[in-house]
Amino acid sequence: MELWSRTLRQAKQRIRPLFAAPSVAASVNAFLDGLLGGERRKTGWMRAEAAGDPGPWRQQAILGRTHWDAEALRDVVRDYVVETLAAPDAVLVIDETGFLKQGKASCGVGRQYTGSAGKITNCQTGVFAAYVSDQGHAFIDRRLYLPKAWTGDPARRQAAHVPEAITFATKPQLAQTMIERAIQAEVPFAWMAVDSIYGVGEIELALRRAYKGYVLGVTGQHHFWSWNAHLDVAGTAAEIAKGIPDQDWLRLSAGAGIKGPRLFDWAYLPLATLRADALDAALDQSLWTRGLLVRRSLSDGALAYFTTWCPAGTPVEKLVMVEGRRWAIEDAFQTAKTELGLAHNESRSWHGWHRHVSLVMLAFAMLARVRHLANSPPPKTTLIAKLAGAVVHPRDPARGDAAGAAAH
C-alpha cells in the first residue's frame, strides 16, 4: 500500500506542470483516481461519485472545456515508461483496437472492421504504440484514426473540434509517425514488431536507418528472394513456405501465455546478409541480415509470415522472442479496457478522445511501475544503512546547525 500510494503521488506531481490552474490539476487528479478505482465502469457519473462530486460536469470539463495539451501528457507518459521499463533489447510494438460506439457524432466513428468485435461495425479505431521489455510493458503513444469520411467533411470536423492540421493518414502512416517520434525522443529499443495490416516499405526504411531490427508481419503474397549463395529461393512467402523441409522447422515458445508457453513451429530463412551502407550510404559498414520467418500453428497448421531485419548472426530464438513480445499489447488493451476504462470515454471531440486515452495510459504506466518495483529484489541491508546514515534530521543537535540545515 505504501508503494502504491507513493507511486500515485509521484505520478500526480509529474503531471502537475501541465496544468496552469490548481483547480484543473485537482480535477485531473480526481479523474486519475477514478480510473484507478474499483468501479467496473469508469463513466463520468461513476468517476464523479467516487470523487464525491454531485455530477459528472467537472469530469467532463477535463476532457472538453478546459485547456491543456494531451500531446504533452503523452510525452510525460512515454518518459515515465522509459524511466521504469528501459532495456537495451526492448521491443516497440504497434497495434490498433476498436471502440464500439452508437450514432455518428463521436470523432472518427464509422463502420469499419475492428478485431475487438471481429467484424465490421460502428466504432472508433485507435492506433497505439507499446514499449515491451523484460521489465514489463506499457503504452507510450496513441492516435485516433480518422477515416476519409471525416477528414473530407468540414462540418463534422468542426463539430468534433478536429485541428485544421490533421489530414487523412493511413494506419501504416500513423505507425511510421509513432516510430519516428520514438526514435527522435531516443526511446531505447532495439526491435520493432507489428501485424501484417501495417505493411512494410517506409516503415522498413525508417527502422533500418535507425539501426533497429524488426519482425514485421506480412501476407502470404509478399515477395521474397535470396541473395544468399547457399539458398536459392524466390517467390511469395506462401510459396516459399511450402518448400521448407520438415527438418528445418523448430518448435519454440513465443512467450508465456495464460495456459503456459505459446508453442509454435518456426522456420527461418536468412535470405541476404548485407552491409548497412549498401542500403543507405550514410550508414556504417555493419552486417545485417534480411530474412523470412514463418510460424505454423500446432492445432490447425495455419501459417503466418514475417519479414525480418537483424544484426548478422542473430539466432532464430531471438526473432521468435521479438515476435512473441507483440502479444503484450493485446494484454495491455484488455487490461486497459476492463480495469482502467479505456473504452468508457464519453467525450465526442478529438481533444476529448486523446485526453481520456492519455490519462488511461498514465494509469497503466503507474500499474506497470508498481508491478516492476514490487517484483524487484529488496535493497541490501548495507545499502539501507548507508542511506539511513546519510539522512540527518534538521534539528539534530549532535550534527550541528550547518549539517542540519544542509540536510533540510
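The values are calculated or read from the model by the stated rules, or taken from the named source; none is laboratory data. Remember, it's a predicted structure, so these values are computed and weren't measured experimentally. A quick note on method: Cβ atoms are made from the backbone with ideal geometry, for glycine too, and the neighbour counts reach across all protein chains shown. Quick note on the areas: whole protein, heavy atoms, side chains included, nothing else; ligands and nucleic acids left out. Shrake-Rupley method; radii C 1.70, N 1.55, O 1.52, S 1.80 Å.
One table, with the values for the structure above:
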| item | result |
| --- | --- |
| Enumerated strands (runs of 3 or more DSSP E) restricted to region 197-243, each holding at least 1 residues that are under 20 Å from Arg326 (Cα atoms) and open to solvent by less than 80 Å² (accessible area, probe 1.4 Å) | 213-218 |
| Test result for Thr125, outside any loop (DSSP other than H, G, I, E, B), open to solvent by 40 Å² or more (accessible area, probe 1.4 Å) and modelled with pLDDT of 95 or more | no |
| Evaluation of Gln112 against (1) open to solvent by 40 Å² or more (accessible area, probe 1.4 Å); (2) part of a strand (DSSP E or B); (3) more than 27 Å from Val370 (Cα to Cα) (one fails), failing number | (1) |
| Complete set of residues in region 83-97 that are closer than 20 Å to Arg326 by Cα, within 15 Å of the chain's Cα centre (by Cα) and open to solvent by 30 Å² or more (accessible area, probe 1.4 Å) | Ala86, Glu96 |
| Filtered residues of region 253-310 (kept if among the acidic types (Asp, Glu) and open to solvent by less than 30 Å² (accessible area, probe 1.4 Å)) | Asp265 |
| Leading residue by the ranking (farthest from the chain's Cα centre (by Cα)) among those in region 11-38 that are open to solvent by 80 Å² or more (accessible area, probe 1.4 Å) and not hydrophobic (A, V, I, L, M, F, W, C) | Pro22 |
| Yes/no for Gly55 being at pLDDT below 90, out of contact with any Lys or Arg (no Cβ under 8 Å at 6 or more places or on another chain) and of a type in the set (Gly, Ala, Ser) | yes |
| Number of the condition not met by Gly103 [criteria: (1) assigned to a loop (DSSP other than H, G, I, E, B); (2) within 30 Å of Pro22 (Cβ to Cβ); (3) open to solvent by 30 Å² or more (accessible area, probe 1.4 Å)] | (2) |
| Every residue from region 184-196 that is crowded, with 19+ Cβ neighbours inside 10 Å and not in a loop (DSSP other than H, G, I, E, B) | Trp191, Met192, Ala193, Val194 |
| Enumeration of residues in region 48-66 that are out of contact with any Ser or Thr (no Cβ under 6 Å at 6 or more places or on another chain), in contact (Cβ under 8 Å) with a residue 24 or more places away in the chain and open to solvent by 10 Å² or more (accessible area, probe 1.4 Å) | Gln60, Ala61, Thr66 |
| Residue that is most open to solvent (accessible area, probe 1.4 Å) [pool: residues in region 144-177 that are in a loop (DSSP other than H, G, I, E, B) and of a type in the set (Phe, Trp, Tyr)] | Phe168 |
| Which listed residue is over 20 Å from Pro315 (Cβ atoms) and of a type outside the set (Lys, Arg), from Ala193, Ala267, Ala256, Ala237 | Ala237 |
| Odd one out for Phe264, checked against (1) assigned to a strand (DSSP E or B); (2) in contact with a helix residue (DSSP H, G or I) (Cβ under 9 Å, 6 or more places away or on another chain); (3) more than 22 Å from Asp331 (Cβ to Cβ) | (3) |
| Where Gly110 falls short, out of the listed (1) in contact with a Leu (Cβ under 7 Å, 6 or more places away or on another chain); (2) within 24 Å of Ala160 (Cβ to Cβ); (3) among the small types (Gly, Ala, Ser) | (1) |
| Among (1) of a type in the set (Val, Ile, Thr); (2) out of contact with any strand residue (DSSP E or B) (no Cβ under 6 Å at 6 or more places or on another chain); (3) touching a residue at least 24 places away in the same chain (Cβ under 8 Å) - the single one Thr121 does not satisfy | (3) |
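This table checks each residue for (1) of a type in the set (Asp, Glu); (2) within 25 Å of the chain's Cα centre (by Cα); (3) assigned to a helix (DSSP H, G or I); (4) closer than 12 Å to His351 by Cβ.
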| position | (1), (2), (3), (4) |
| --- | --- |
| Arg40 | no, yes, no, no |
| Ala50 | no, no, yes, no |
| Pro54 | no, no, no, no |
| Thr66 | no, no, no, yes |
| Glu71 | yes, yes, yes, yes |
| Arg78 | no, yes, yes, no |
